[in-house]
Amino acid sequence: MGEWSDYFEDFPEENPANWVKENPVNGVFATIIREQEKGKLRLKKNAELNTMIAKAKRETKARSLLVVENCPQCGLKELNTYKITESFYLCECQECGIYGNGKTHEQALARTQDALGEGLDWRAR
Ligand SMILES: [Zn+2]
């Protein structure tokens with residue numbers, strides 16, 4: 001597990017112990033680690049791992065798209081809301097990158113509005 005320890009030292013925000021509870025989107029990463037521990041996957045590089053995480057997140061989002069609305073920041077109808085679980089909603093603007101999450105659609109939208117002007121971009125996380 002040396003590789004994983006090194007990885008988590010560099011990217012503590014990716015450690016499943018830190019975030020599975022608060023962000024189920026990232027739960028896909030925990031699955032990847034379990035599969036790797038069982039020997040089903042061999043990951044050589046962080047780049048390869050990051051590609052897998054990005055792919056898993058994309059697939060989760062594709063399954064979970066709830067509605068597309070007008071973005072509070074850029075005004076374009078590019079704000080995707082994903083219902084990842086019954087109590088985890090995620091808003092992400094496909095144009096300007098602003099985002100927010102919450103236990104309800106309303107809360108996720110409100111947090112997205114609260115982030116106006118903060119320069120957030122979910123693609124840069
Ligand atoms: Zn926007």
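Within segment 71-107, which residues are near the ligand (Cβ under 8 Å from one of its atoms), at negative phi, part of a loop (DSSP other than H, G, I, E, B) and not aliphatic (A, V, I, L, M)? Hits for segment 71-107 are Cys71, Pro72, Gln73, Cys74, Glu78, Gln94, Glu95, Cys96.
Go through the residues of segment 70-82 one by one and say whether even a single one is aliphatic (A, V, I, L, M), more than 17 Å from Arg123 (Cβ to Cβ) and in contact (Cβ under 8 Å) with a residue 24 or more places away in the chain. I'd like the intermediate steps shown before the answer.
As a first pass, look at segment 70-82 and keep what is aliphatic (A, V, I, L, M): 76, 79.
Next, from what is left, pick out any that are more than 17 Å from Arg123 (Cβ to Cβ): none.
For segment 70-82, residues aliphatic (A, V, I, L, M), more than 17 Å from Arg123 (Cβ to Cβ) and in contact (Cβ under 8 Å) with a residue 24 or more places away in the chain: absent.
When the residues of segment 108-125 are filtered to those that are assigned to a helix (DSSP H, G or I) and among the charged types (D, E, K, R), the one that is farthest from the chain's Cα centre (by Cα) is Asp114.
Which one is modelled with the highest pLDDT among residues in segment 44-70 that are assigned to a loop (DSSP other than H, G, I, E, B) and over 26 Å from Ala110 (Cα atoms)?
If we take residues in segment 44-70 being assigned to a loop (DSSP other than H, G, I, E, B) and over 26 Å from Ala110 (Cα atoms), then Lys45 is modelled with the highest pLDDT.
For segment 101-114, the criterion of a residue being buried (at least 17 other Cβ atoms within 10 Å of the Cβ), in contact (Cβ under 8 Å) with a residue 12 or more places away in the chain and out of contact with any Phe, Trp or Tyr (no Cβ under 9 Å at 6 or more places or on another chain) is satisfied by no position.
The values are calculated or read from the model by the stated rules, or taken from the named source; none is laboratory data. As the structure is a computational prediction, the values presented were derived from the model and not from experiment. Virtual Cβ from ideal backbone geometry, glycine too; neighbours counted across all protein chains shown.
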